[in-house]
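Everything on this sheet refers to the single structure shown next.
The values are calculated or read from the model by the stated rules, or taken from the named source; none is laboratory data. Note that the structure is predicted; figures quoted are calculated from it, not measured. Note that we place each Cβ from the backbone using ideal geometry, even for glycine, and neighbour counts take in every protein chain shown. We work out accessible area using only protein heavy atoms, side chains counted, and drop any ligands, DNA or RNA first. Shrake-Rupley method; radii C 1.70, N 1.55, O 1.52, S 1.80 Å.
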Amino acid sequence: TCSGIVPTRYRNDKVSITDFGGVGDGKTLNTKAFREAIYRIQHLRRRGGTLLYVPPGVYLTESFNLTSHMTLYLARGAVIKATQDTWTWPLVAPLPSYGRGRERPGGRYMSFIHGDGLRDVVITGENGTIDGQGGIWWNMWRQGNLQFTRPNLVEFMNSRGIIISNVIFKNSPFWNIHPVYCSNVVIRYVTILAPTDSPNTDGIDPDSSSNVCIEDSFISTGDDLVAVKSGWDEYGIAYGRPSSHITIRRVTGSSPFAGIAVGSETSGGVEHVLAENIVIYNSGIGVNIKTNIGRGGFIKNITVSQVFMENVRTGIKITGDTGDHPDNQFNPNALPYVKGVTLKNIWGVKVQKAGSIQGLKNAPFTNICLSKINLHGSPPWKCSDVSGAAIEVSPSPCAQLSSPQQ
């Protein structure tokens, strides 16, 4: 386990949302209660921080900001539910590494539970639920009448020492858990749920963040289960903050897109990613590493090991032509480089296509190493502009990887 990168905190000071007028009847709006409770935690500054207890019940609320040195604790049967009054949602500036909202130009809606510049924050409990009630947002997206980019369910920016554990996240409007410009983040024992047709409901997206540990979780959503990112085209290149030392371990789930993904927004670079003991079923792609011309950046030192996949359209996909651009100002000469990707001990059944590795003509993917992979009779691999090695791979991989190289 890598969860020791953030020490567990015990908070002597405890308050309940009911102390601030919180009502868990599913109808009363509790925005004032949450904001007052967090204001109290922020300004009283108890030694060791404060735990905010949410007892059983359904607490409807608008979005709210957390503060440093606090634990948000959801009892068994506690639900924090997002209001569906989308017009009350605050707008925040676009992320500098994206230059605009991910979906729409300009700003973006603040995440339902938000933190910026925080230290030592825990979201945990007894498997209570944070429910984004995302259906109204998904419909706005489908109908094409979104004015700004949809809100994430939980986002931490510029923060460190974050633990998220033992909570159920469901029906996020957009991405579920998004640590961006963060370090020392532990996400474990979480369940993330959204319908398979819910648009862009990625499970966990570490973004320009370092020392992130994701373990022992179940994710079933409408987009990638875990996607490591680091900024978008010229904005991500200028911001220049990579994602590094990301560990993903013992994650199970299903998605119409990818189980484990890197990209496609990787302009700040992604390195030192380890994913192991992963189970992926009823999914589009098992492992997907994706970038594009104009992205720049790098993807290197990626290891994916001990994967079981069942009923998956494509087992492994590494590609240099995925994803859109924020605007037409990107530099077409900003080619990404992909080097040092190791995929080993992967077993698949009911896999329609073994895989494809499509590098870029002027930036071939190098040191791509496949070892002990059995995808059971699926059609041959497709490859171009790639070099590396393959040992004990079935069906036989492409000629560029056919024999071990020094």
- Message: Suppose the Debye formula is applied to equal point scatterers at every Cα of the stretch 170-327; what is log10 I(q)/I(0) at q = 0.08, 0.12, 0.19 Å⁻¹?
- Response: -0.19, -0.43, -1.16
- Can you tell me the alpha carbon radius of gyration of the stretch 224-405 divided by the globular rule-of-thumb value 2.2 N^0.38 Å? 0.96
- Item | Along each principal axis, Cα extent of the stretch 1-217, largest first, Å | 48, 39, 31
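Give me the percent of accessible area attributable to carbon and sulfur for the chain, probe 1.4 angstrom.
49 percent
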- Task: Output ³J(HN,Hα) for the stretch 218-235: one whole-Hz value per residue in order, computed from phi by the Karplus curve 6.51 cos²θ - 1.76 cosθ + 1.60 with θ = phi - 60°, and x for Gly and Pro.
- Result: 10, 9, 9, 9, x, 8, 3, 5, 10, 10, 8, 10, 7, x, 10, 6, 4, 6
- Counting all Cα-Cα pairs in the chain, those more than 40 Å apart amount in percent to 15 percent
- Query: Can you tell which of Asn333, Asn30, Asn200 shows the greatest fluctuation in a Gaussian network model of the chain with Cα springs below 10 Å?
  - Reply: Asn333
- Take Arg100, Arg119 and sort them by solvent-accessible surface of the protein heavy atoms, 1.4 Å probe, largest at the top. Arg119, Arg100
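Cα-based Rg of the stretch 18-119 per 2.2 N^0.38 Å, rounded to two decimals? Can you show the working numbers first?
Working: Rg = 15.0 Å, N = 102, 2.2 N^0.38 = 12.8 Å.
Ratio of Rg to 2.2 N^0.38 Å for the stretch 18-119: 1.18.
Can you tally the net charge around Ser209? Count Lys and Arg as +1, Asp and Glu as -1, for every other residue whose Cβ sits under 10 Å from the Cβ of Ser209.
Working: positive: Arg160, Lys229, Arg241; negative: Asp205, Asp207.
Taking every other residue near Ser209 into account, the sum is +1.
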- Item | Distant-in-sequence amide H partners of Ser255 (H built 1.01 Å from N, under 5 Å) | Tyr281, Ser283, Gly284
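Top to bottom by accessible area (1.4 Å), largest first, where do Lys317, Lys27, Lys382 land? Present the calculation step by step, with values, prior to reporting the outcome.
Working: Lys317 70, Lys27 165, Lys382 135 Å².
In descending accessible area the options line up as Lys27, Lys382, Lys317.
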- Mean-position separation - Cα centroids, the stretch 355-406 and the stretch 150-195, in angstrom: 34 Å
- Of Ser371, Ser402, ordered by accessible area with the largest first and a 1.4 Å probe, the sequence is Ser402, Ser371
- Expressed as a whole percent, how much of the Cα-Cα distance distribution for the stretch 99-201 exceeds 21 Å? 34 percent
- Query: Residues with amide H under 5 Å of Ile289's amide H, sequence separation 5 or more or different chain, H placed in the peptide plane at 1.01 Å from N; which?
  - Reply: Val262, Lys317, Ile318, Thr319
- Message: Just to confirm my numbers, what's the Cα centroid distance between the stretch 258-289 and the stretch 61-121 in Å?
- Response: 25 Å
- Note on the structure: Mean accessible area per residue over the chain (1.4 angstrom probe, all protein chains present, square angstrom) is 38 Å²
- Query: Among the lysines, which have Cα under 17 Å from the Cα of Lys350 when same-chain residues fewer than 8 positions away are ignored?
  - Reply: Lys317
- Looking at this model, which pairs from Lys27/Lys229; Lys300/Lys353; Lys170/Lys300 are more than 29 angstrom apart at the alpha-carbon? Lys27/Lys229; Lys170/Lys300
